[in-house]
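Notes for the one structure printed next.
The values are calculated or read from the model by the stated rules, or taken from the named source; none is laboratory data. Remember, predicted model here, so these are calculated numbers, not experimental data. Methodologically, a virtual Cβ is constructed for each residue, glycine included, from the backbone with ideal geometry; neighbour enumeration extends over all protein chains shown. Note: areas computed on protein heavy atoms with side chains; ligands, DNA, RNA excluded. Shrake-Rupley method; radii C 1.70, N 1.55, O 1.52, S 1.80 Å.
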Amino acid sequence: MSETQRPESDHPLGLTVYDLPSPNDVALADAKRTAMGRLRMLIVLLVCAAPVVASYFTYYVVRPEGRRNFGELIEPTRALPAITAQSLSGESVSLPDLKGQWLLVSVASGACDEACQTNLYLQRQLLTGLGKDRPRTEWVWLIDDQQPVPAALLPGLKEATVLRVPPQALSQWLEPAKGQALSDHLYLVDPHGQWMMRFPAKLGTDGALKAKRDMERLLRAAASWDEAGR
């Protein structure tokens, strides 16, 4: 049988050999995939953070000429410490669990002297004055000792979150102005759990009105991302 008449099955199989990719090419491709993955993650984070950044930019930077905040901005902000507090009923509460609301915080002994009672009164009045934005806020009294709270105060504290906190842990988070005591101020914490503003010591009624204006501006600026409740 001639070569031209030989069946196709008798012809040797043709094999195509493909070169394997070099280790350098593989490493380069992996590096590109990793970089693209990180870039996508960064874009997602930026999209999520944009409303928060925009609200603070609006409040801190884009504001009418001559307008000043009454409270002192804390820079950098300080996160709620990961410590366990205790309610008046003895329940354990993790401070970071308070995230999700704007917190107006006062600090004082459980015995609560006249200055302490004034701060508690101003806290309640200030938050009540926010009207429709009141549900986005929380009234917090942090007690830095084991003194019992006077029974006469308890009925007026029904709307407040009252917690006993170790004084050492508290002093590592909040800080008074120079020459003042921790109990002299009211402190503002944003919904992300960041202490971001300190109001002047011994506020008084006039000071409380100015503090209320600060809070109203912040609440307006954060309206796009902050909702009532946790």
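A few remarks follow.
- Karplus (6.51, -1.76, 1.60) ³J(HN,Hα), θ = phi - 60°, over the stretch 189-194, in Hz, Gly and Pro reported as x: 10, 7, x, 8, x, 9
- Heavy-atom accessible surface of the stretch 172-230: percent carbon and sulfur, 1.4 Å: 46 percent
- Under a 5 Å amide H cut-off, with hydrogens placed 1.01 Å from N, residue 94 pairs with 85 among residues at least 5 apart or on other chains.
- Rolling a 1.4 Å probe over the protein chains gives residue 165 an accessible area of about 10 Å².
- The phi torsions of the stretch 146-157, fed into the Karplus equation with coefficients 6.51, -1.76 and 1.60 and a -60° offset, translate into couplings of 9, 5, x, 7, x, 4, 5, 7, 4, x, x, 9 Hz, rounded to whole numbers, with Gly and Pro shown as x.
- Rounded accessible area of residue 113 (nearest 10 Å², 1.4 Å probe): 100 Å²
- Summing charges over all other residues whose Cβ lies under 15 Å from the Cβ of residue 111, with Lys and Arg as +1 and Asp and Glu as -1, gives -3.
- Scanning residues 5 or more positions from residue 74 or on other chains, those with amide H under 5 Å from its amide H are 197, 198, with H placed 1.01 Å from N in the peptide plane.
- Amide H to amide H distances under 5 Å link residue 79 with 195, where only residues 5 or more positions off or on other chains count and H is placed in the peptide plane.
- Packing-based ranking of 175-183, 216-224 yields 216-224, 175-183, ordered from highest to lowest mean Cβ neighbour count within 10 Å.
- Of 158/178; 132/210; 99/212, pairs whose Cα-Cα distance is over 26 Å: 158/178
- Which of 192, 185 is most accessible, then next, and so on - probe 1.4 Å: 192, 185
- Note, ³J(HN,Hα) from phi for the stretch 176-184, Karplus 6.51, -1.76, 1.60, rounded to Hz, x at Gly and Pro: x, 5, 4, x, 10, 9, 4, 7, 7
- Using only the C-alpha atoms, the convex hull of the stretch 73-144 corresponds to 120 Å³ per residue.
- Sum of side-chain charges, residue 143 neighbourhood, beta-carbon under 13 Å (Lys, Arg +1; Asp, Glu -1): -2
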